[in-house]
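Notes follow once the structure below has been shown.
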Amino acid sequence: MTSRDLNEAQSELPSGMTDQSSHAFVQPARAPMRSLGGRRHRKVLHSGRLPDGMAVPDRICLHDGEDVVLVPARSILVARSDQGVTTVELDGQALPVRCSLDRLEAALRPFGFFRSHKAFLVNLRRVRRIVPWSRHVHHLLLDDPKETMVPLAKSRRRDLRAALLWP
């Protein structure tokens, strides 16, 4: 800001303002930029846990290429990982995202998501039926129009039984 601009701005100030207060009024605020807490802050954001007293939001941010898409958690059917690419399947579309399945699991667990297989994260609210294929092989049938089948790993059956009160 030039001295001419400063003088013009001072002449337009309300009466009763001193030279020092007018300088602060005209100059843009230059508050020191502080990071939001360093290592401890990053740990809270990336751990999947929320600070005490903070409500769980009903949407999740997903990076789709260059865009950030806000998606209601209830509209997600399943997230799958295939050869390092994570895809989130919504009601009518598949969205490739730049996020690991482990990180998605931590973020979506409060919404009722369950890791049914090492490559699948399923919304338990959208499971319609548990389909046995053989003695140790089960699949989860989802309630979408395509009737998507998601594999259930043998090692995850006990955890699913506990989550769903499955006899």
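The values are calculated or read from the model by the stated rules, or taken from the named source; none is laboratory data. Model, not experiment: these values are computed from the prediction. Neighbour counts run over all protein chains shown; Cβ positions are idealised from the backbone, glycine included. Side chains included, ligands, DNA and RNA excluded: accessible areas come from the protein's heavy atoms. Shrake-Rupley method; radii C 1.70, N 1.55, O 1.52, S 1.80 Å.
In the context of the full set of protein chains, residues of the range 58-167 present 60 Å² of accessible surface per residue (probe radius 1.4 Å, heavy atoms only).
Under the combined filter of DSSP loop state and at most 15 neighbouring Cβ atoms within 10 Å, the range 92-144 retains these chymotrypsin sites (Phe, Trp or Tyr not before Pro): TRP133. Using a probe of 1.4 angstrom, how much of the accessible area of the range 87-167 is carbon and sulfur, in percent? Percent of accessible area from carbon and sulfur atoms in the range 87-167: 53.
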